[in-house]
1. Any idea how many residues of the range 101-120 are part of a helix (DSSP H, G or I) and either exposed (fewer than 10 other Cβ atoms within 10 Å of the Cβ) or outside the structural domain of ALA86 (by TED's automatic domain parsing) (or both)?
2. Do we find a residue being surrounded by 11 or more Cβ atoms within 10 Å (Cβ to Cβ) and part of a helix (DSSP H, G or I) anywhere in the range 65-73?
3. Does LEU41 fit the bill of being within 30 Å of HIS5 (Cβ to Cβ), in contact (Cβ under 8 Å) with a residue 12 or more places away in the chain and not small (Gly, Ala, Ser)?
4. Out of ASP123, ASP134, I need the residue that is among the acidic types (Asp, Glu), loosely packed, with under 10 Cβ neighbours inside 10 Å and more than 30 Å from ASN8 (Cα to Cα). Which one?
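The values are calculated or read from the model by the stated rules, or taken from the named source; none is laboratory data. All of these numbers come straight from a predicted model, not from anything done at the bench. Virtual Cβ from ideal backbone geometry, glycine too; neighbours counted across all protein chains shown.
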Amino acid sequence: MVVEHFENQLLGFISGTPLEPLKDILSIVVSGILSSIVVYLIDKMDLFSLDAKKRTQRIQQIFAMRVQQLKENTDAFEEASITKIAQDRLKFRTVSENMAKSIAANEDVNESVYKMADFMKIDLKIKSTDHFMDLLNKAEPLVVS
């Protein structure tokens, strides 16, 4: 149908000229060219998913890169967390050893207690012995009935 339309439109000017015997040959050539153009456009539009293999390979590459990135991020997190745990353990050991030495030597352990509270992120409302004594002096006595 398309070929007939083009035959009538494009080759209609040949009727009544000395080239009329070439009309069939020109019709075949034009239909061949148009068929080639249609097949080329269908191929470029990938209507039949001929490039599915390429897409699948690209998707696999993207997933492989993502898995690699996740592995690298996990390794970096693991390394950072191990380093932080080691630092915290060393700090805790130092504070607890200082506290144990103060207790064994019968010395004031308040400074060690304050450092331990800071390490454990505990906000002590009382920051010194004097502050504690002032608080006791100002507080009303507790009566148990």
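1. Within the range 101-120, the first condition is being part of a helix (DSSP H, G or I), and the residues that meet it are 101-104, 110-119.
Remaining after also requiring either exposed (fewer than 10 other Cβ atoms within 10 Å of the Cβ) or outside the structural domain of ALA86 (by TED's automatic domain parsing) (or both): 104.
The total comes to 1.
2. Filtering the range 65-73 for residues surrounded by 11 or more Cβ atoms within 10 Å (Cβ to Cβ) gives none.
No, there is no match, as no residue in the range 65-73 is surrounded by 11 or more Cβ atoms within 10 Å (Cβ to Cβ) and part of a helix (DSSP H, G or I).
3. no
4. ASP123
One line per residue, one yes/no per condition, for (1) of a type in the set (S, T, N, Q); (2) on the phi < 0 side of the Ramachandran plot; (3) modelled with pLDDT under 90; (4) part of a loop (DSSP other than H, G, I, E, B):
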position	(1), (2), (3), (4)
VAL3	no, yes, yes, no
PRO18	no, yes, yes, yes
LEU26	no, yes, yes, no
LEU34	no, yes, yes, no
SER49	yes, no, yes, yes
GLN60	yes, yes, no, no
ALA80	no, yes, no, no
